[in-house]
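Take a look at the structure below.
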Amino acid sequence: MTQQDHTVYRRRTRRSARTGAPALADTLSAKIIGQPNAMTAIAPYIHLFQSGLAPEGRPLGNFLLLGPTGTGKTRTVEVLAETLHGSPRNILRVDCGEFQMDHEVAKLIGAPPGYLGHRETQPLLSQAKINSVASERCAISIVLFDEVEKAAPSLTRLLLGILDKAILRLGDNNVVNFERCLIFLTSNLGAQSMMKELGPAFGFGDNRQASKQQQAGRLESLAMSAARRHFSPEFVNRLDAAITYQPLSEESLKRILDLELENLQRHILHRLGERAFTLHVPCKAKAFILREGTSSQYGAREIKRTIHRHLTQPLAALVSEGAIAPRGRVVASYVEEESKIVLKPAA
């Protein structure tokens, strides 16, 4: 990177540089519930870039996010993009489930000259696409390889050069630079072993702090053992941090529900404008949503679907019928006899 490049990107990140690593970690922790270790591990690498001290010739940070589904791995990347760029969509995402065969990996780098479809096949990992997920607010590009354990071995070998030297050579011999990228790899490796270790206590925290720490250590050991069995030593050695996401406690699930309800209220205000209304969800209705929307298998992943089914869809029906007055109030009451939520516009 030339001196001119350094000057340009320092200007683009001057606004975000005012936020230190501890403040950034606090901001992320407020949106990613129950995973403080993940936030404190990621934030320093962003601070290195903002200060101009990031090492050259490698990505800004390589992170492997391990743990059961529904614990916030992908959500962490989305929240980071929203914090840095203002939108959770500023992510170059590679769904590794689409590259389970070796020949499918060619879609990432494009066909080499002389092969059929060389000019028609555009590589998915091009420099233009990486630059497109940066923004005026921040020059960092976030690249996500989701469920990396599902990918063909050739994709893992392709990642070795990216994680080590921040370089990817495409089929047309052009070079893609990943020096200004944060690279995230998510994986469910070891999730089944972690769930067996937890047994019926999954999703409900122990009040004893010592036992929590011991449990976290055992789960991290299980996840890392599974990762080392699946990936080669040279691949694991190229990672800056392997972060194990812990199962969510009951208190964490309640906080996640509150955040999702706040998001729903903001969505109502944003989309309906002058026709917007306020939604009140009492404690009994929240308890019902938690029972329906959390499980040992899916963690907190079902909460959004449960809110959509029991709140958003019935609200849409009431709005379309004109049953809710502008700037009115709707109460979501839980009817125990029918085991469902009933929405009633307040007088």
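Of all residues in the range 105-121, those that are at pLDDT 75 or above and either open to solvent by 60 Å² or more (accessible area, probe 1.4 Å) or farther than 20 Å from R157 by Cβ (or both) total 1.
Scanning the range 140-162 for residues that are closer than 28 Å to H85 by Cα and of a type in the set (G, A, S) yields a count of 2.
Note on the range 221-250: among residues that are at pLDDT below 90 and either assigned to a helix (DSSP H, G or I) or of a type outside the set (S, T, N, Q) (or both), the one that is farthest from F63 (Cα to Cα) is E250.
Scanning the range 55-100 for residues that are among the β-branched types (V, I, T), closer than 23 Å to A227 by Cα and not in a helix (DSSP H, G or I) returns T69, T71, V94. Counting the residues of the range 150-162 that are touching a residue at least 40 places away in the same chain (Cβ under 8 Å), surrounded by fewer than 19 Cβ atoms within 10 Å (Cβ to Cβ) and not aliphatic (A, V, I, L, M) gives 3.
Within the range 175-202, the residues that satisfy the criterion of being of a type outside the set (A, V, I, L, M, F, W, C), in contact with a Gly (Cβ under 9 Å, 6 or more places away or on another chain) and over 16 Å from I91 (Cα atoms) are S187, N188, G190.
When L272, L290 are screened for being of a type outside the set (D, E), open to solvent by less than 90 Å² (accessible area, probe 1.4 Å) and in contact with a Leu (Cβ under 7 Å, 6 or more places away or on another chain), only L290 passes. Restricting the range 173-193 to residues that are aliphatic (A, V, I, L, M) and under 16 Å from L158 (Cβ atoms) leaves a set whose member that is farthest from the chain's Cα centre (by Cα) is V175. The number of residues in the range 293-332 being over 29 Å from the mean Cα position of the chain (by Cα), of a type outside the set (A, V, I, L, M, F, W, C) and open to solvent by 40 Å² or more (accessible area, probe 1.4 Å) comes to 6. Among the residues of the range 243-266, some residue qualifies, meaning at least one is aliphatic (A, V, I, L, M) and closer than 14 Å to L64 by Cα.
The values are calculated or read from the model by the stated rules, or taken from the named source; none is laboratory data. All of these numbers come straight from a predicted model, not from anything done at the bench. All Cβ positions, glycine included, derive from the backbone under ideal geometry; neighbour counts span all protein chains shown. For the accessible areas, the whole protein counts, side chains as well, though only heavy atoms, and no ligand, DNA or RNA atoms are used. Shrake-Rupley method; radii C 1.70, N 1.55, O 1.52, S 1.80 Å.
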